[in-house]
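Bear in mind these aren't lab numbers, they're just calculated from the coordinates by the rules spelled out. Computed from a predicted structure; not experimentally measured. Cβ atoms come from the backbone with ideal geometry, glycine included; neighbour counts cover every protein chain shown.
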Amino acid sequence: MTRPVRGPELAELRAFCAAVDLGSLGRAARVLHVSQPALSKRLRVLETLAGSRLLDRSHRGVSPTPTGRRLYLAARRVLAEDEAVEQLIAGVLDDAVPARVAASPTMAESVLPQLLVDFEGRHERHLSVELTIVRSAMVWDMVREGRVDLGLAAVDPSLQDAGSLTQIPICDDEIVVVAPQDHPWAAAQEIDLDEFVSTPIIMRDPGADSRRTVDAVLRPLGLSLSPPLAEIGNTAAAKDAALHEGAPLLLSRLTMGAADERLLVRQVAGLRFPRSFVLLYGTEEGLSPMGRALVEHLRMSVSGEGKVGPGDAVDSKA
């Protein structure tokens with residue numbers, strides 16, 4: 001048997017199947033977004049390759065010939081396989097798209113790394129994350145505006161439209177006073193309130209949530225912190241400055257670990273400065289497959305005994 005010069009192209013098979021399905025060359029051309037002459041040319045080429053007429057044409061439209069019906073069944077199988085391959089490729093490409101994540105410095109430094117390591121250990125695919133580290137207030141804005149897929153930020157009670165975002169509790173935290181071993185506060189179990197508010201200490205930058213948390217507790221008491229001894233945006237740099245200057249600083253309990261043995265965690269008498277962190281996103285339908293996988297992993301990681309808390313993060317060295 002003589003073989004055709006080439007096999008049929010997918011565009012020709014699509015034109016033929018559309019014509020059979022719709023019974024009209026005009027409607028098939030519109031569905032495929034091509035001109036009717038272009039569609040007719042594809043069908044003529046296909047009939048030439050087949051060496052037989054495939055469609056009966058009349059004023060009522062078109063219908064397949066016996067040869068056309070056999071080809072239609074085979075062509076449908078080929079097109080279905082092609083669609084399956086396209087969907088598979090699209091899924092692979094979607095999985096390759098990084099999950100865009102914005103995280104507060106505390107989350108980025110103290111919680112997120114272990115969560116990502118756990119994800120890698122429990123999943124076959126590599127997790128690709130595009131991480132932006134900004135203060136919590138900006139994380140909320142970035143998620144709300146769609147600039148990132150997910151956010152890890154401190155809860156902000158002042159937000160009026162927080163309900164527009166999905167929130168999953170991640171962990172509890174507390175802002176504490178950290179004093180070098182040679183500072184007088186290191187010998188005290190608790191720090192006197194008046195002494196606390198009157199002593200210049202090292203703090204994070206003015207926009208940091210740790211400052212907002214402390215101010216929110218002091219304000220109803222008619223109190224405020226003294227001007228800071230220094231304002232430092234980076235946690236590690238703040239710790240180094242405290243040790244170098246022999247000065248106390250305000251810090252998240254979550255950021256304190258075993259390596260900080262020369263710094264002691266202390267609390268203010270009669271006061272606590274608690275806060276909570278949440279995972280933020282719009283809707284799961286709007287997330288990429290990578291984003292949805294990360295949400296599910298975080299949800300499972302923080303449920304039950306997997307939830308991170310300040311007591312798990314640090315020994316207070318009392």
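Taking the Cα centre of each part, how many Å lie between the range 1-75 and the range 201-235? A separation of 74 Å, based on Cα centres. Calculated on the alpha-carbon coordinates, the convex hull of the range 10-90 measures out at 88 cubic angstrom per residue.
For the chain, the equivalent ellipsoid derived from the alpha-carbon gyration tensor has semi-axes of 68, 19, 14 Å in decreasing order. Compared with the dominant principal axis of the Cα atoms in the chain, helix 10-22 is inclined by about 70°. Take the Cα of ASP215, step 7 Å toward its Cβ, do the same at ASP192, and the gap between the two points is 2.7 nm. Note on ARG60 and ALA241: their simple-model spin labels are 8.7 nm apart, each label 7 Å out from Cα toward Cβ.
Applying 0.36 nm per residue to the separation of ALA11 and MET300 and subtracting their alpha-carbon distance, the gain on full extension is 99.4 nm. Along each principal axis, taking the top coordinate minus the bottom one, the Cα set of the range 166-273 gives 44, 32, 24 Å in descending order. Straightening the chain between SER226 and ARG262 buys 10.5 nm, computed as 0.36 nm per residue apart minus the Cα-Cα spacing. Against the main long axis of the alpha-carbon atoms of the chain, helix 209-218 sits at an angle near 50°.
Using R0 = 35 Å, the C-beta based FRET efficiency linking ASP82 and GLN114 works out to 0.20.
Label separation (ASP21 vs ILE168): 3.7 nm, computed from points 7 Å beyond Cα along the C-beta direction.
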